[in-house]
1. What number goes with the only condition from (1) within 22 Å of residue 154 (Cα to Cα); (2) modelled with pLDDT of 95 or more that residue 293 does not pass?
2. Can you name the residue in the stretch 27-37 that is part of a helix (DSSP H, G or I) and in contact (Cβ under 8 Å) with a residue 60 or more places away in the chain and is also surrounded by the fewest Cβ atoms within 10 Å (Cβ to Cβ) among such residues?
3. Check off (1) surrounded by 14 or more Cβ atoms within 10 Å (Cβ to Cβ); (2) without any contact (Cβ under 8 Å) to a residue 24 or more places away in the chain; (3) part of a helix (DSSP H, G or I) for residue 256 and give me the number that stays unchecked.
4. Quick check: anything in the stretch 306-316 in a strand (DSSP E or B), more than 17 Å from the chain's Cα centre (by Cα) and on the phi < 0 side of the Ramachandran plot?
5. Among the residues that make up the stretch 162-171, is at least one of them without any contact (Cβ under 8 Å) to a residue 40 or more places away in the chain and in the same structural domain as residue 238 (by TED's automatic domain parsing)?
6. Evaluate the stretch 5-17: report whether one residue or more is more than 16 Å from the ligand (Cβ to nearest atom) and either farther than 17 Å from residue 106 by Cα or crowded, with 22+ Cβ neighbours inside 10 Å (or both).
Ligand SMILES: NC(=O)c1ccc[n+]([C@@H]2O[C@H](COP(=O)([O-])OP(=O)(O)OC[C@H]3O[C@@H](n4cnc5c(N)ncnc54)[C@H](OP(=O)(O)O)[C@@H]3O)[C@@H](O)[C@H]2O)c1
């Protein structure tokens with residue numbers, strides 16, 4: 001049995017709860033074990049039961065009351081994360097790029113207490129990556145974060161696991177669906193930047209305060225995570241050279257069109273580059289992709305360009321990336337158990 005505790009019960013927390021409920025057969029068939037939710041908390045409430053909580057009940061209570069639990073959340077969260085019995089923390093609280101909280105404290109406490117962590121939260125990783133990965137290694141547990149970059153687009157695990165034998169020279173791509181939607185609509189419909197942004201807000205792609213997306217902060221956080229995780233650099237999001245898309249007007253879009261090009265917000269990371277900026281991309285090029293999709297081109301020494309495209313956000317898309325990390329931990333635990341068994345025989 002793999003016991004999980006869920007920190008944050010918003011869009012992603014509810015998505016992964018649904019997935020855990022619906023994928024029990026897969027867990028049993030592939031690993032002979034179940035995943036059990038033994039705790040969940042949001043800003044004000046919590047639910048705990050060492051014998052397992054009913055995912056459907058958690059979801060319906062959140063829907064009906066706005067709270068995941070019936071009791072107020074513990075005043076000492078660190079104690080809760082240290083003293084509760086569980087194997088893995090699913091950390092899905094909001095991204096905060098000022099100090100990484102509350103995710104940073106949640107992740108640090110769980111890792112220090114010898115628990116695996118799977119997260120979609122960019123803040124702690126874009127600010128304190130090295131410290132947290134070293135903490136995980138010291139405590140012989142895993143910190144996995146596929147969902148933090150590109151949602152369902154598997155760029156981190158693909159680069160680190162399947163392309164393990166490759167020398168990766170660079171990764172470049174579109175890591176923010178909201179900006180891509182805006183630039184795409186400006187080109188296709190001839191909209192002004194403000195009009196396209198309003199449309200993105202009405203459709204729920206952009207926040208009321210869109211600066212995190214359109215000033216390139218979100219892309220910069222993701223690039224910093226890629227730089228740390230794949231290029232073994234030690235950077236934070238503020239090390240990223242960053243230009244957003246606020247300055248892109250209809251004239252720039254038409255000038256690009258005259259050269260048969262489009263403007264895209266492109267992030268690029270390598271051993272010596274770390275930059276996100278609007279770039280001219282030839283129409284029809286892979287990076288000229290439209291809509292809210294994300295794309296990453298991984299430039300390798302043997303396989304050449306490996307390109308992944310996928311949905312960068314959304315309840316089920318993000319849950320899918322979290323699930324891939326949960327399964328990777330299952331697989332690793334299974335390998336560890338088999339190795340111990342062989343050693344005993
Ligand atoms: N949504 C996506 O498509 C997506 C994609 C990739 C990555 N992510 C990342 O995944 C994380 C979760 O995103 P989301 O869309 O699920 O956000 P969300 O809908 O805003 O949910 C956040 C949840 O965290 C809870 N929370 C806030 N402060 C807390 C605290 N101090 N202690 C405990 N819980 C707290 C909130 O509680 P209340 O419900 O009580 O307010 C809420 O349940 C973020 O870091 C985000 O950047 C999201």
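The values are calculated or read from the model by the stated rules, or taken from the named source; none is laboratory data. Because the structure is predicted, anything quoted here is derived from the model rather than measured. Neighbour counts run over all protein chains shown; Cβ positions are idealised from the backbone, glycine included.
1. Among (1) within 22 Å of residue 154 (Cα to Cα); (2) modelled with pLDDT of 95 or more, residue 293 violates only (2).
2. 30
3. (2)
4. yes
5. yes
6. no
So that you can scan it fast, the table gives a plain yes or no per residue for (1) without any contact (Cβ under 8 Å) to a residue 40 or more places away in the chain; (2) in the same structural domain as residue 13 (by TED's automatic domain parsing); (3) closer than 23 Å to residue 316 by Cβ; (4) away from the ligand (no atom under 15 Å from the Cβ):
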| residue | (1), (2), (3), (4) |
| --- | --- |
| 132 | yes, yes, no, no |
| 137 | yes, yes, no, yes |
| 144 | no, yes, yes, no |
| 200 | yes, no, yes, no |
